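**Q** Below is one structure. I have some questions about it.
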Amino acid sequence: MGLELYLDLLSQPCRAVYIFAKKNDIPFELRIVDLIKGQHLSDAFAQVNPLKKVPALKDEDFTLTESVAILLYLTRKYKVPDYWYPQDLQARARVDEYLAWQHTTLRRSCLRALWHKMMFPVFLGEPVSPQTLAATLAELDVTLQLLEDKFLQNKAFLTGPHISLADLVAITELMHPVGAGCQVFEGRPKLATWRQRVEAAVGEDLFREAHEVILKAKDFPPADPTIKQKLMPWVLAMIR
Amino acid sequence: MGLELFLDLVSQPSRAVYIFAKKNGIPLELRTVDLIKGQHKIKEFLQINSLGKLPTLKDGDFILTESSAILIYLSCKYQTPDHWYPSDLQARARVHEYLGWHADCIRGTFGIPLWVQVLGPLIGVQVPEEKVERNRTAIDQALQWLEDKFLGDRPFLAGQQVTLADLMALEELTQLVALGYELFEGRPRLATWHGRVEAFLGAELCQEAHSIIFSILEQAAKKTLPTPSPEAYPAMLLRIARIP
């Protein structure tokens, strides 16, 4: 058995790992873990990742979790083009810096935007107060501004003239609020052009394929009560 | 001018970088930016790091933020002993796995008690008991995972030797110990790990790095902490409002 990736393309870090592996022709067996059915909470999946999170990677008897760790592992193991995670000390530090920053900022904003704006009311049938939603969207707005002003600036990509892991991780995050119907790129021409550049670098077909699930999330049938009960504690912990 | 490190030893990631640099004999000019006074939110510092966050490294014209990025940068630039950030593929992946989880489950959670016990009261804001309770539960859960999943039966969090992961974790735990949390009660493996990491670093270095945070409750009680500058208030209030 070769490399196995446990993913659900509904999850933003899973999309980053999926696109990265496909784009770099890394051979893997795809193991779908259906989040909205709660498959990640099953005993079977706990054998793979006791923390019950996707993505997870299995390479023979080596199991690895956390998307950034997985991306870096693949980068080193498969000798992908240098621009993804440059050898140059300072260029690499810029990628590390972005990856650390997004973890505690953009990640949270995009996740909350998706759940508060859409998944709670539409999928779980739980109303979200207008105040909560407004606060979430305001936070997203501030974070997007930081992304544009502090990281993108006038560069072609977030950490320099070439695409890197930073761009991949960022774009897959932004597609979360896009999936929820937020106008992420409106009024942000620099970010909009950057998105086109990232899509072109990744390849439009692959980009579309990876985002089919999130862009159709608004049409998910409402969760049945058993599933809802099962997912609720996980959702609340995830978006707190 | 050599490398400059902007830091405040009140903050966990600042201490991790400080300890790493000291332990490895990396020459740094230290620039203290007083977080409690809010010096990280005033113009002078924002010109260096517009995100207003510590620690920040300045290496000539190159300015780097985010503690984990700084630690990796220093370990590569100064070729520190391999165990910190192993070149072995799987061993390094374990360090990154921990750092990813740490960013999600430890960083935000373990920073909250300082706001509850010291920084909030300093500007006259009380964090609701319900939030404090929720934070306590999240801390317990994270400690359990730390002990069961990451430490397991190994001597250190990412394997047989001390890595950046242990250093980042140590400083977050130290923050809570300094605030009176009994973290190691009923967690013998975590307690042994804690002793092991401190022994590796050396008592003197730990004491030096931790003295400020270990005196914070006493300073708060005696009301000898500095007053935050008005420019720092909005960011402080926002931070408190975001406590889940």
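**Q** Where the accessible area of region A:3-83 is counted over protein heavy atoms with a 1.4 Å probe, how much of it, in %, is carbon and sulfur?
**A** Looking at region A:3-83 in its full context, I get 48 percent from C and S.
**Q** For B:68-79, what's the mean count of beta carbons from other chains sitting within 10 Å of each residue's beta carbon?
**A** Across B:68-79, the average partner-chain Cβ count within 10 Å equals 4.
**Q** Quantify, in whole percent, the carbon and sulfur part of the accessible surface of region B:69-227 (1.4 Å probe; protein heavy atoms only).
**A** Of the solvent-accessible surface of region B:69-227, carbon and sulfur hold 51 percent.
**Q** Roughly how many whole Å is it from the C-alpha centroid of region B:48-106 to that of region A:12-39?
**A** Here the two parts' Cα centres lie 26 Å apart.
**Q** Through the Karplus equation 6.51 cos²θ - 1.76 cosθ + 1.60, θ set to phi - 60°, convert the phi angles of region B:190-200 into ³J(HN,Hα) values in whole Hz; use x for Gly and Pro.
**A** With the stated coefficients, region B:190-200 comes to 5, 4, 5, 4, 4, x, 5, 5, 5, 5, 4 Hz.
**Q** Among the complete DSSP H segments of chain A, which ones combine at least 18 Å of alpha-carbon extent along their axis with a mean Kyte-Doolittle hydropathy of 0.0 or more?
**A** A:130-146, A:165-179, A:225-238
**Q** Show me, for region B:4-21, the HN-Hα J-couplings you get by feeding each phi into the Karplus relation (A = 6.51, B = -1.76, C = 1.60, θ = phi - 60°), rounded to Hz, glycine and proline as x.
**A** With the stated coefficients, region B:4-21 comes to 10, 10, 8, 7, 9, 5, 5, 9, 4, x, 4, 5, 4, 5, 4, 4, 4, 5 Hz.
**Q** Just check the protein assembly as shown against the gyration tensor rule for me: Cα atoms, a ≥ b ≥ c as the square roots of the eigenvalues, rounded for a/c under 1.5, and otherwise prolate or oblate depending on whether a/b exceeds b/c.
**A** It is rounded, given that a/c, with a ≥ b ≥ c, falls under 1.5.
**Q** Quick check for you: which residues of region B:36-75 have the amide N under 13 Å from the point 7 Å beyond the Cα of A:Arg76 toward its beta carbon?
**A** B:72
**Q** Is the shape of chain A best called rounded, prolate or oblate, per the rule: a/c under 1.5 gives rounded, else a/b larger than b/c gives prolate, else oblate, with a ≥ b ≥ c the square roots of the Cα gyration tensor eigenvalues?
**A** Verdict is oblate for chain A.
**Q** Within a Cβ distance under 14 Å of A:Ala156, other residues only, what is the Lys/Arg minus Asp/Glu net charge?
**A** Summing Lys and Arg as +1 and Asp and Glu as -1 gives +2.
**Q** For the full complex of protein chains and a 1.4 angstrom probe, list B:Asp104, A:Asp224 by accessible area with the highest value first.
**A** A:Asp224, B:Asp104
**Q** Something else: Give the peptides B:8-17, B:83-92 in descending order of average Cβ contacts within 10 Å, highest first.
**A** Descending packing order for the listed peptides: B:8-17, B:83-92.
**Q** How many percent of the alpha carbon pairs in region B:139-244 exceed a separation of 23 Å?
**A** Beyond 23 Å sits 41 percent of the P(r) for region B:139-244.
**Q** For a quick check: with amide H placed at 1.01 Å from N, whose amide H comes under 5 Å from A:Thr63's, ignoring anything fewer than 5 positions away on the same chain?
**A** The answer is none.
**Q** Can you compute the label reach from A:Thr63? Point 7 Å from Cα along the Cβ direction, backbone N cut-off under 12 Å, restricted to region A:1-30.
**A** A:6
**Q** Let me check against my output: what whole-number percent is the relative contact order of region B:3-83, with C-alpha pairs under 8 Å and at least 6 apart?
**A** 34
**Q** Right, here's the next one. Please list the radius of gyration and Dmax for chain B, considering alpha-carbon atoms only, with Å as the unit.
**A** Expressed in Å, the Cα Rg and Dmax of chain B come to 17.7, 50.
**Q** Give me D for region A:3-83 in µm² s⁻¹, whole number, from Stokes-Einstein with Rh from the Kirkwood sum over alpha-carbon pairs, 20 °C and 1.002 mPa s.
**A** Once the numbers are plugged in, D ends up at 169 µm²/s.
**Q** Cα atoms only: what Rg and Dmax, in Å, come out for region A:114-238?
**A** Over region A:114-238's Cα set, Rg and Dmax evaluate to 16.2, 49 Å.
**Q** Can you give the mean number of other chain Cβ atoms that lie within 10 Å of the Cβ atoms in peptide B:58-65?
**A** Mean shielding by partner chains, rounded to a whole number: 3.
**Q** Give the accessible area for A:Ser11 in Å² (nearest 10); use a 1.4 Å probe, count only protein heavy atoms, and leave out ligands, DNA and RNA.
**A** 10
**Q** Estimate the FRET efficiency between B:Ser211 and B:Lys149 by the formula 1/(1 + (r/R0)^6), using the beta-carbon distance for r and 30 Å for R0, to the nearest 0.05.
**A** E between B:Ser211 and B:Lys149, to the nearest 0.05, is 0.40.
**Q** Which residue, A:Lys77, A:Lys218, A:Lys230, has the most motion in a Gaussian network model of chain A that connects Cα atoms within less than 10 Å?
**A** Ranking A:Lys77, A:Lys218, A:Lys230 by mean-square fluctuation puts A:Lys77 first.
**Q** Straight distance only, please: which lysines reach the Cα of B:Lys53 with their own Cα at less than 26 Å, same-chain residues fewer than 8 apart left out?
**A** A:Lys150, A:Lys155, A:Lys190, B:Lys22, B:Lys23, B:Lys37, B:Lys41, B:Lys43, B:Lys77, B:Lys131, B:Lys223
**Q** Continuing with the same structure: For region B:3-83, rounded, prolate or oblate, judged on the Cα gyration tensor with a ≥ b ≥ c (square roots of eigenvalues), a/c < 1.5 rounded, else prolate if a/b > b/c?
**A** prolate
**Q** In Å² (nearest 100), what accessible area is buried between B and A, both sides summed, heavy protein atoms only, 1.4 Å probe?
**A** For B against A, buried area totals roughly 3100 Å².
**Q** Can you tell me what share of the DSSP beta bridges in region B:1-122 is antiparallel? A percent to the nearest 5 is fine.
**A** 60
The values are calculated or read from the model by the stated rules, or taken from the named source; none is laboratory data. This one's a predicted model, so the numbers in the text were calculated from it and none came from an experiment. Glycine gets a Cβ as well: all are built from the backbone with ideal geometry, and neighbour counts include every protein chain shown. Note: areas computed on protein heavy atoms with side chains; ligands, DNA, RNA excluded. Shrake-Rupley method; radii C 1.70, N 1.55, O 1.52, S 1.80 Å.
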